[in-house]
Amino acid sequence: MKIIFMEVHVQISVIVPIYNAGLHLDRCIKSILCQSFVDFELLLIDDGSSDDSASICDNYASKDNRIRFFHQNNAGVSAARNLGLKKMRGKYLAFVDADDYISPCYLADLYANLRLDRGSGLIIQSLVQVTPEGEEISKKKAGDAFVESINFGMAICNYRLYEQGYIASKLYDVKLIQKYELCFDERIKVLEDLFFMYQYMLHCDYLVLSNTSNYIYVRYSTSGCRTLHSFDSVYTGFCFYQDLLAKLTAKWTFPQKEEQRGLYASVMLGFDWSLKTDYWQRHNVSRKKRVSHLCLLVSNNYRMMCDYYHPVYKLDKIGKLLLKARLYGLYDCYMIFLIKMNITSFLHAPHS
């Protein structure tokens, strides 16, 4: 029997970007349709899947009027989310990824944390990481606090919001997104979720942090493997993060330098990724271009590298010495030698 909802405008829009998620999509959609909070729409955005994802979406959309299904040629997760932003009709916005799922009170608990008398806010809740078999690995705790906008700078450091760089387990106010034309930068392939959150925070009135964990993030064997992207894409993200950080620090008061270490470590992930992306085996970048990229990266960020790039791996510490001396050709030879010796673990930048 088809479920019919006559209201065009709903309280919450839920956007699910989809790419070849057929194995997990049924579980994801069912978990959303089983929500105790019923005043929502579900936007399924297929990003050019080559599996049966589209047919699964069609099947669900034909049975439930809360679901709207959109298809686009493969353009990436940011483009899929941006299409959802254009099509959404709710007052508030939540995201779910197609290979994850949520508990029945996910939307209800997010909505209950809104402070309607305090303006437009951002609700951030915790999430649970599990194995594909459902065994809990860890909880990503958000904290427990109400924070006014004047204190956002302190909250970013004190509550380690730079580690909340996932799009899930958050509730956004749609009128702010539309007023300031916020969207995901489709040029950027890393940390784009965190950037979206920061840009939204520049305009919102409060944060509510909660240790409630209703979002189940499934960690598959490939979850920890960073997708390979070009130097230009990764470096664009690193530069974007620096520009965004300048806006944040200009608007809010931040803690003393020692308490900002985690924040700058988060920024320097972009430096580390930019430094190493040319050396991944499947990139096949010429030596001339690799050295050119090193020169660009270090020359434009020399002081930041000296102050905030603190390598974890001993091999990277040697590399930093070469970069500080601007010995780009020697650094390149050093990296190629390590790779030929099958020493590659240091290419995986540590998580923030």
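The values are calculated or read from the model by the stated rules, or taken from the named source; none is laboratory data. Note that the coordinates shown come from a computational prediction; the quantities given were computed from them, not determined experimentally. Neighbour counts run over all protein chains shown; Cβ positions are idealised from the backbone, glycine included. These accessible areas exclude ligands, DNA and RNA; they are computed on the full protein's heavy atoms, side chains included. Shrake-Rupley method; radii C 1.70, N 1.55, O 1.52, S 1.80 Å.
Here are a few things to note about the model shown:
- Filter pass, L83 being in a helix (DSSP H, G or I), of a type in the set (A, V, I, L, M, F, W, C) and either in contact with a His (Cβ under 7 Å, 6 or more places away or on another chain) or open to solvent by 20 Å² or more (accessible area, probe 1.4 Å) (or both): yes
- Those residues of region 170-196 which are touching a Lys or Arg at 6+ places or on another chain (Cβ under 8 Å) and either buried (at least 20 other Cβ atoms within 10 Å of the Cβ) or more than 24 Å from E41 (Cα to Cα) (or both), in sequence order: D173, F184, V190
- For beta carbons closer than 7 Å, sequence separation of 6+ or different chains, a first residue in region 130-155 that is free of Cβ contacts under 8 Å to residues at least 24 places away in the same chain and a second that is open to solvent by less than 80 Å² (accessible area, probe 1.4 Å) and not charged (D, E, K, R), the qualifying pairs are E136/V128; E136/V130; S138/Q129.
- Condition check for I32: buried (at least 20 other Cβ atoms within 10 Å of the Cβ), at pLDDT 95 or above and in contact with a helix residue (DSSP H, G or I) (Cβ under 6 Å, 6 or more places away or on another chain): no
- Exactly one residue among Y166, Y172, Y200 is touching a residue at least 24 places away in the same chain (Cβ under 8 Å), over 30 Å from S292 (Cβ atoms), assigned to a loop (DSSP other than H, G, I, E, B) and out of contact with any His (no Cβ under 8 Å at 6 or more places or on another chain), and that residue is Y166.
Residues are listed down the side, and each one gets a yes or a no for (1) in contact (Cβ under 8 Å) with a residue 24 or more places away in the chain; (2) open to solvent by 10 Å² or more (accessible area, probe 1.4 Å); (3) on the phi > 0 side of the Ramachandran plot; (4) in a helix (DSSP H, G or I):
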| site | (1), (2), (3), (4) |
| --- | --- |
| Y241 | yes, no, no, yes |
| L244 | yes, no, no, yes |
| L248 | yes, no, no, yes |
| F254 | yes, yes, no, no |
| E258 | no, yes, no, yes |
| F271 | yes, no, no, yes |
| K276 | yes, no, no, yes |
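- Single condition D117 does not satisfy, out of (1) buried (at least 16 other Cβ atoms within 10 Å of the Cβ); (2) of a type in the set (D, E); (3) in a helix (DSSP H, G or I): (1)
A quick yes/no check of all residues on (1) in a loop (DSSP other than H, G, I, E, B); (2) acidic (D, E); (3) closer than 18 Å to V234 by Cβ; (4) touching a His at 6+ places or on another chain (Cβ under 9 Å):
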site: S266; (1), (2), (3), (4): no, no, yes, no
site: V285; (1), (2), (3), (4): yes, no, yes, yes
site: Y331; (1), (2), (3), (4): no, no, yes, no
site: N342; (1), (2), (3), (4): yes, no, no, no
